[in-house]
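Every number in this text was worked out from the coordinates using simple rules, so none of it is lab data. Since this is a predicted model, take the numbers as computed values, not measurements. So basically every Cβ, Gly included, is an ideal-geometry build from the backbone, and we count neighbours across all protein chains shown.
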Amino acid sequence: MKNRNNDRCFLFMKFFHNLLRYFNAQQERLRGNFMKTKQMRQ
């Protein structure tokens, strides 16, 4: 029983980590697009 809980915790942490990485990637892309549009306006 204890082992199963550990597995679930591990899976949750893994999922959360992937989610964080995904959000970071999205933010980087948004920042890149923002910089591009800023340069195009000049």
**Item:** Long-range tail of P(r) for the chain (Cα pairs > 13 Å, %)
**Value:** 65
**Message:** I'd like the FRET efficiency for ASN3 and MET40, computed as 1/(1 + (r/R0)^6) with the beta carbon distance as r and R0 of 35 Å, rounded to 0.05.
**Reply:** 0.05
**Around ARG21: net Lys/Arg minus Asp/Glu count, Cβ-Cβ under 12 Å** = 0
**Asked** Setting aside same-chain residues fewer than 8 positions from LYS2, which lysines have a Cα under 26 Å from its Cα?
**Response** LYS14
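Can you check what the net charge comes to around PHE34, using other residues whose Cβ is under 13 Å from the Cβ of PHE34 (Lys, Arg +1; Asp, Glu -1)? Intermediate values should be presented prior to the final figure.
Values: positive: ARG29, ARG31, LYS36, LYS38, ARG41; negative: GLU28.
For residues surrounding PHE34, the net value is +4.
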